[in-house]
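The values are calculated or read from the model by the stated rules, or taken from the named source; none is laboratory data. Nothing here was measured: the structure is a model prediction, and the numbers come from that model. All Cβ positions, glycine included, derive from the backbone under ideal geometry; neighbour counts span all protein chains shown. We work out accessible area using only protein heavy atoms, side chains counted, and drop any ligands, DNA or RNA first. Shrake-Rupley method; radii C 1.70, N 1.55, O 1.52, S 1.80 Å.
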Amino acid sequence: MTNALERCAAMNGSTKPKPSDVQTSGSAVPTVPVKDFFERQSQSYSAFFDASNRKGAVVLFKLRCDLAIELLSNEAPHTFLDLATGTGEITRAIVASLKLDELQLNDISPGMLDACRRQFADLPPTSKTEWTNEDAFELLDHAGKDRFDAVLCLGLIAHTGRLPELMGKIFASLRPGGTLILQSSLTDHPGAWITASYARSALRRTDYKVNAFSKDEIISTAKAAGFQLVDMRRFGVCLPFGDRILGRINYHIEEAFAKTLSNSGGDALFKLRKPL
C-alpha cells in the first residue's frame, strides 16, 4: 500500500452501510462507513510509521510528515486544528515543531483519537488543547469564522469527497493570512489513477467509494474558495499495490526515488493561504 487510496483498496470491510448512509451524490461519502473503516484500522494503523516495517507506505508516511513540517517551518501559528489526526504520529511531530497557544485535535474515529492521545502523553501541553471526536464538516460548521491560524488536512479528502464544500468551510475557519496544509493522492499520476479506479470499483474492499482528485482539480477548487497557492510538494513512486505485489522491493524503490519525484509524484502536499 502506498497512499490513502491504496489503503482503502487493501483493507477488508465488514460493516455495511445502512440505507440512510448510502452515497447520494458523486462527491459525497457516507459518514458511518468511513468512521467504521478507520475504527477497524485504529489498532494497526501505527505500523505505517514503524521504521522497522520495510514497506513503501512507511517511506511515504515519513515523507508526508517531513514535508508538512517543512511547509510550516516559516509559519508562526498560535491556533492550530488537525481535522483528522489518525493515530497521531504526524500530528505530534508537527505540533512539536511549532509554538502553539491553542490546539484542537480531531478524528472521526474514537480509536484513532485515543491512539493520538497516547502519542501526546509525553509532550509538554500547550496552554489549551481540545480533543474532539467529530465529523470534519460538522466541526467546521460550529468552529466559527476566523478561528484558526493553521489547519492540517492529511489523508481526509479521499474519504469525504465534497471538496468544494470542505475548502469553503476551512477557508471560513481560518484567520486572514492563515494556512491550510492539504494532502492528496493525484489522479494525474498513472499509479494513483489505477489505484483510485480500483478503489471506486465494485471490486473494492471498503464499504464506500473513495474520491480521487487531480492536481488541477485541487488547485482550481482551492482558488475558487478564495485560497492562494503558496507551495506544493509532490512525492512518491506510488506503484499500484506495490507493497502487496513487490514486498520489500517496493520499499527500496520508494526509499530511492520517492523524494526525487517533486514534479511527478503520485502524492502531494499543498500549502494554501487565506489572503490578508
Checklist outcome for this item: Among the residues of the stretch 69-102, the number that are open to solvent by 10 Å² or more (accessible area, probe 1.4 Å), closer than 19 Å to L156 by Cα and touching a strand residue (DSSP E or B) at 6+ places or on another chain (Cβ under 6 Å) is 1
Item to check | Which numbered condition Y198 misses (of (1) open to solvent by less than 30 Å² (accessible area, probe 1.4 Å); (2) more than 14 Å from the chain's Cα centre (by Cα); (3) not polar (S, T, N, Q)) | outcome: (1)
Item to check | Selected residue (criterion: surrounded by the fewest Cβ atoms within 10 Å (Cβ to Cβ)) from residues of the stretch 141-163 that are under 29 Å from K209 (Cα atoms) and more than 16 Å from the chain's Cα centre (by Cα) | outcome: H142
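Condition first: open to solvent by 60 Å² or more (accessible area, probe 1.4 Å), in a strand (DSSP E or B) and out of contact with any helix residue (DSSP H, G or I) (no Cβ under 9 Å at 6 or more places or on another chain). Can you find one or more residues in the stretch 115-129 that meet it? Even if it seems obvious, please write down each step before you answer.
Our first condition is that a residue be open to solvent by 60 Å² or more (accessible area, probe 1.4 Å); within the stretch 115-129, this holds for 117-118, 121-122, 124-125, 127-128.
Filter again for in a strand (DSSP E or B), leaving 128.
Narrowing the set further to residues that are out of contact with any helix residue (DSSP H, G or I) (no Cβ under 9 Å at 6 or more places or on another chain) leaves 128.
Within the stretch 115-129, one or more residues are open to solvent by 60 Å² or more (accessible area, probe 1.4 Å), in a strand (DSSP E or B) and out of contact with any helix residue (DSSP H, G or I) (no Cβ under 9 Å at 6 or more places or on another chain).
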Checklist entry - Can L186 be described as within 19 Å of A68 (Cα to Cα), modelled with pLDDT of 95 or more, open to solvent by less than 10 Å² (accessible area, probe 1.4 Å) and not hydroxyl-bearing (S, T, Y)? => result yes
